[in-house]
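Here's the structure we're looking at; comments come further down.
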Amino acid sequence: DPAKALGREVTIRQALDEAAAKIESGSLKNEPDIEGDLLAARFEKRAGAYFGPWLDRPTVVPTDRVYEVLVDLPDADRDDAALIDLIVAGKPKGRAQLGTIHLAIEVSQTVDATDVGRAAQRATLIRRAGWVVVPVACGRTMTEGARREMESSRVALLVDGRRVGWDEALSTWATPAA
């Protein structure tokens, strides 16, 4: 829907303008998450470029749609799952028979084990709501702990343009919830 896409673009543009103003004024010191928020906005705006190698026609799912899907979860689970940074939907390239899957994406400047674990936790909750979900952690850099957690949790990573663990994550997670 072009109107929704335009609305998302306006929202992203506003967030970027606000962040630029904070950078210029020097007030960024009071907002430690601003860099992560800017990075999340970048992944959202360029979802096709970042997630297109994994999905055919990757589409950002609006937050109000995500919340609608989560409505039947217990309050604490719904509230946690709704904090996912980004959801992108599409059919896995070369595995269209799996149908539409949703990437549950956590974004951080430096991806660590906590970010990877949070992506897996929130993907589990969203999966309980009925979507087929694959957790992904994205950022500019990652810690060794993130790599270890990725391997044990089977979470895909997209770090500094490198994609790691996709096949394992897809094989582990891309099945309907029991």
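The figures follow:
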| read-out | value |
| --- | --- |
| Matching residues in the stretch 50-98 - criterion: being open to solvent by less than 60 Å² (accessible area, probe 1.4 Å) and of a type in the set (D, E, K, R) | 77, 78, 80 |
| Scope the stretch 123-150; condition touching a helix residue (DSSP H, G or I) at 6+ places or on another chain (Cβ under 8 Å) and farther than 15 Å from residue 101 by Cβ; matching residues | 125, 128, 137, 138, 139, 140, 143, 145, 146, 148, 149, 150 |
| Only one of 29, 45 that is touching an Asp or Glu at 6+ places or on another chain (Cβ under 9 Å), among the charged types (D, E, K, R) and modelled with pLDDT under 95 | 45 |
| Qualifying residue in the stretch 141-157 (condition: surrounded by fewer than 18 Cβ atoms within 10 Å (Cβ to Cβ), touching a residue at least 60 places away in the same chain (Cβ under 8 Å) and in contact with a strand residue (DSSP E or B) (Cβ under 9 Å, 6 or more places away or on another chain)) | no |
| Residues satisfying the stated conditions in the stretch 71-115, i.e. of a type outside the set (Asp, Glu), more than 13 Å from residue 173 (Cβ to Cβ) and part of a helix (DSSP H, G or I) | 76, 78, 81, 96, 97, 113, 114 |
| Residues that are aliphatic (A, V, I, L, M), outside any strand (DSSP E or B) and buried (at least 16 other Cβ atoms within 10 Å of the Cβ), drawn from the stretch 158-178 | 169, 170, 174 |
| Residue that is farthest from the chain's Cα centre (by Cα) [pool: residues in the stretch 109-140 that are open to solvent by less than 60 Å² (accessible area, probe 1.4 Å) and farther than 27 Å from residue 73 by Cα] | 112 |
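The values are calculated or read from the model by the stated rules, or taken from the named source; none is laboratory data. Remember, predicted model here, so these are calculated numbers, not experimental data. Neighbour counts run over all protein chains shown; Cβ positions are idealised from the backbone, glycine included. With ligands, DNA and RNA removed, areas are computed over all heavy atoms of the protein, side chains included. Shrake-Rupley method; radii C 1.70, N 1.55, O 1.52, S 1.80 Å.
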